[in-house]
1. Just the number, please: percent antiparallel of the DSSP beta bridges in the chain, rounded to the nearest 5.
2. Just grab the label-to-label distance for Val115 and Phe101, each label 7 Å out from Cα along the Cβ direction, in nm (one decimal).
3. On a full-extension model of 0.36 nm per residue, what is the gain between Met208 and Lys181, subtracting their alpha-carbon distance, rounded to one decimal in nm?
4. If you count only protein heavy atoms with a 1.4 Å probe, what accessible area per residue comes out for the chain, rounded to a whole Å²?
5. Over 26 Å between C-alpha atoms is what I'm after, so list which of Lys34/Lys134; Lys34/Lys90; Lys117/Lys137 land there.
6. Pick out, in residue order, every one of the trypsin sites (Lys or Arg not before Pro) in the stretch 76-155 that is DSSP loop and has at most 12 other C-beta atoms within 10 Å; say none if there are none.
7. Set the Förster distance to 25 Å, then compute FRET efficiency between Asp200 and Ile172 from the Cβ-Cβ distance, nearest 0.05.
8. Round to the nearest 0.05 the FRET efficiency obtained for Gln21 and Lys160 when R0 = 41 Å and r is the Cβ-Cβ distance.
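The values are calculated or read from the model by the stated rules, or taken from the named source; none is laboratory data. In this text the structure is predicted, and so the values were computed from the model without any measurement. Here the Cβ is made from the backbone with ideal geometry for all residues, glycine too, and neighbour counts use every protein chain on show. Ligands, DNA and RNA are excluded from the accessible area calculation, which covers all protein heavy atoms including side chains. Shrake-Rupley method; radii C 1.70, N 1.55, O 1.52, S 1.80 Å.
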Amino acid sequence: MSIKLVVGGCTLNIVSTYVTQAGLDEEVKRRFWKRLDEIVRSIPPAERIFIRGDFNGHIGSTAGGYGEVHEGFGFGDMNGGGTSLLDFAKAFELVIANSSFPKREEYLVTFQSAVAKIQIDYLLLRRYDRGLCKACKVIPGESLVMQHRLLVMDVGIMIKKKKRSVRGRSRIRWGALTTDKAQELEGGLSVMGALRSGRDASTMWTTMTNYIMEAVREVLGVSKGFP
C-alpha cells in the first residue's frame, strides 16, 4: 500500500509492506517481491521514498557483504528473509534506516513475545536521501499489533520557499535632482497658470498638484517599479 504526499515542493512516497511468513509458499513470496519491485520502479528518482514494513526477516547485527545498505547496527542473526530484504535494498540503492544508528537492544527489537526478541520491522529510504534521516529507533513500551513495537524515524526536509516576483509602484527618481534639474523645474513651474484668481481653493490645489507632479516626472523621470 502506498500514498503520495506533496509537502511544499517536495513529493514523498510512503509505502507500507507486509512480507508473508517464512513457512508459506515460495511462489507467494516471489509475487510479493515482484509487486514491491514494480511500485519502487514506478516512483521517479526526484521523489523521496520511505518504505516501512514487517519483512519477516532478520538482517543480523553485522553488515556482512551488505555494507552499502546495512550500516552495522542490526540485531540477532541474519536469515533467508533478511537476505531477501538486503538484496532488494541493494538492487534499488536503498539503506535500512534502523541499521544506521547504534542503539541498545530495547531500541532495536521490533517484535517481542514471551519466547523471543527479534527484529523484523524495518524502515528504508534511498541511499542519497540518507542525510534526511536524523534518527530511527523503537519506542519501548509502545505496542502496535500483538507483539509488534512502534518503530519511528525522524526525517528533516527543507522546504524551499518560492521567490515571488512582485512589481512595486513606480516612484519619482528624486535622487536625480541636481542644481541644473532644479533650475529646469523652477523655469517650468514659473509659467504655470494654475493659480489664477476666480477659482475655488480645492480646484486650484488639485490643478497645482497635478501640474507639479507632471513636471517633476518629465524632468526627473520615474523608476520601473521593481521592488
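1. In the chain, DSSP labels about 75 percent of beta bridges as antiparallel.
2. My value for the distance between the label points is 3.3 nm.
3. 7.8 nm
4. Counting only protein heavy atoms, the per-residue value for the chain is 63 Å².
5. Long pairs (Cα-Cα over 26 Å): Lys34/Lys134.
6. Arg104
7. Details: r = 28 Å, r/R0 = 1.12.
The value I calculate is 0.35.
8. Details: r = 44 Å, r/R0 = 1.07.
Calculated transfer efficiency: 0.40.
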